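Worksheet for the structure shown next.
The values are calculated or read from the model by the stated rules, or taken from the named source; none is laboratory data. In this text the structure is predicted, and so the values were computed from the model without any measurement. Ideal geometry is used to build each Cβ from the backbone, glycine not excepted, and the neighbour counts take in all protein chains shown. Side chains are part of the model used for accessible areas, which takes the heavy atoms of the whole protein and leaves out ligands, DNA and RNA. Shrake-Rupley method; radii C 1.70, N 1.55, O 1.52, S 1.80 Å.
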Amino acid sequence: MQARGSAHIKIIDVSHHQDEIDWVKVSASGIAGAFIKATDGRLGVDSNFSRNATAARAAGLPIGFYHYAHPEVNNAIAEAKHFAEVVKEYESQFPHVLDVEGDASKIKSAELTKWCITWFTEVQRLTSHPVMIYTSASFARSNLGKDLGRWPLWIAHYGVLTPMDNHIWSTWAVFQYTSSGRINGINGNVDLDAMEQSFFEKYAVKAVEAPIAVGPQPINPLDTVKVAVDGKTIAFGRIIDSQAYVPLRQLGDALQVTVRWDAAAATPYVDGKPITNFKLVSGKTYISLRAAVEALGGKVTWDKDMRQLDVYK
């Protein structure tokens, strides 16, 4: 198993235990996505599922849904159909998640593994959406079979940088490393997760960023600052901490400067120089107006009333 590091994307997972969440504040705090509990067993639905799913997407976050399994008492097909029915009206980016832990250990490993595969197969058939598994490091080692290794792993192990190895997966896609995180917008504790950047980009970046590349329309209700280069709208930015922030890559492309993301340093670079005053929101790098002027050059005007940033080469 790989260790958690600064290059990983910061994600949270939530349920009704977090009560009412201010998703706008969560997004502004640097959280890049969320997994949301949808269902439990054959009939249960998380009481905050609909509100969380709707509000998190409205705040611009890519999301995924998870199902808490009860294979010790229920049929896999029944639980899969229940989950698929509940989530069918909601948009999600990350794979659908089967949460296997707790009393699921009451059945034998071979039987449990077969149960999980049946759930995956049925959910994929019903939703045409990718799936993955969530479990703890100890549960994976003691209760699951190798046939589950074909699906991505979201693993839980608290208080360590590297989760305990198991005989099924050599790497994780998502690592839940604490249940006592504190995030602006959430009262009380919340689970914090690290996500591999390649996994995030596979499922979330295209869903979040692609519309901006093909037309001058905001894809996020928080992106209310119009960014124009030589009179042509190229992107939309937002106000963060009372400052105007603009999407770095779109601005760099328009000004024909080289922008790259250094995963190891978790830092963006413009023409080889590191940028320090930036925010990573929903997988997109936003740079402050002041830093943009210093790094990218050109002449800049800011129309506060129109909330428009004009850049001239």
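If we sort 34-42, 178-186, 14-22, 135-143 on the protection proxy, mean other Cβ atoms within 10 Å, highest first, what's the order?
Numbers: 34-42: 23.4, 178-186: 15.6, 14-22: 17.2, 135-143: 18.9.
So the peptides 34-42, 178-186, 14-22, 135-143, ranked by packing, come out 34-42, 135-143, 14-22, 178-186.
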(request) Mind telling me which of Q243, Q176, Q124 comes out most flexible in a GNM of the chain, alpha-carbon contacts under 10 Å? (result) Q243
(message) Please check: in the Gaussian network model of the chain (C-alpha springs, under 10 Å), which one of V257, V131, V87 has the largest mean-square fluctuation.
(response) V257
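Just to confirm, what accessible area per residue do you get for the chain at 1.4 Å probe, in whole Å²? Spell out each step's value before the answer.
Working: 14150 Å² over 313 residues.
Value returned for the chain: 45 Å² of accessible area per residue.
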(request) Mind checking which aspartates and glutamates have their Cα closer than 16 Å to the Cα of K106? Skip sequence neighbours fewer than 8 apart in that chain. (result) E72
(request) Would you kindly state how much longer the chain becomes between T118 and H16 on full extension, computed as 0.36 nm times their sequence separation minus their alpha carbon distance, in nm to one decimal? (result) 34.0 nm
(message) At 7 Å along Cα-to-Cβ for each site, give me the label-to-label distance between D262 and I239 in nm.
(response) 3.4
(request) Between K232 and N277, with labels modelled 7 Å along Cα→Cβ, what's the label distance in nm to one decimal, could you check? (result) 2.8
(message) Can you tell me the orientation of helix 49-58 relative to the chain, as the angle in degrees between its alpha-carbon axis and the longest Cα principal axis, to the nearest 10?
(response) 20
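Which value at 222 nm does the chain reach when only helices count, each DSSP H run of 4 or more adding -39,500 (n - 2.57), with the total divided by all residues and rounded to the nearest 500 deg cm²/dmol?
Details: 9 runs with 83 residues, N = 313.
It comes out at -7500 deg cm²/dmol, rounded to the nearest 500.
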(message) If you restrict to DSSP beta bridges whose two residues both lie in the range 1-116, what percentage is antiparallel, to the nearest 5?
(response) 15
(message) Take the residue pairs K88/K279; K88/K108; K81/K114; K81/K284; K10/K88; K226/K299 and return only those whose Cα atoms are more than 23 Å apart.
(response) K88/K279; K88/K108; K81/K284; K10/K88
(message) Within the range 114-139, name every residue whose backbone N is under 15 Å away from a label modeled 7 Å from Cα of S179 along the Cβ vector.
(response) 135-139
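Among the DSSP beta bridges whose two residues both lie in the chain, what percent are antiparallel, rounded to the nearest 5? Don't skip to the end; give the middle numbers.
On the way: 38 of 65 bridges.
The antiparallel fraction comes to roughly 60 percent.
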(request) Give the carbon-plus-sulfur fraction of the accessible surface of the range 7-95 in %, rounded to a whole number; probe 1.4 Å, heavy atoms of protein chains only. (result) 48
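Pairs of alpha-carbon atoms within less than 8 angstrom and 6+ residues apart define the contacts here; what relative contact order does the chain have, in percent?
Numbers: 660 pairs, mean separation 54.1, N = 313.
Reported relative contact order: 17 percent.
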(request) Given the peptides 73-82, 92-101, arrange them by the average over their residues of other C-beta atoms within 10 Å, most packed first. (result) 92-101, 73-82
(request) Can you grab the distance from the C-alpha centre of the range 104-131 to the C-alpha centre of the range 6-23, Å, no decimals? (result) 25
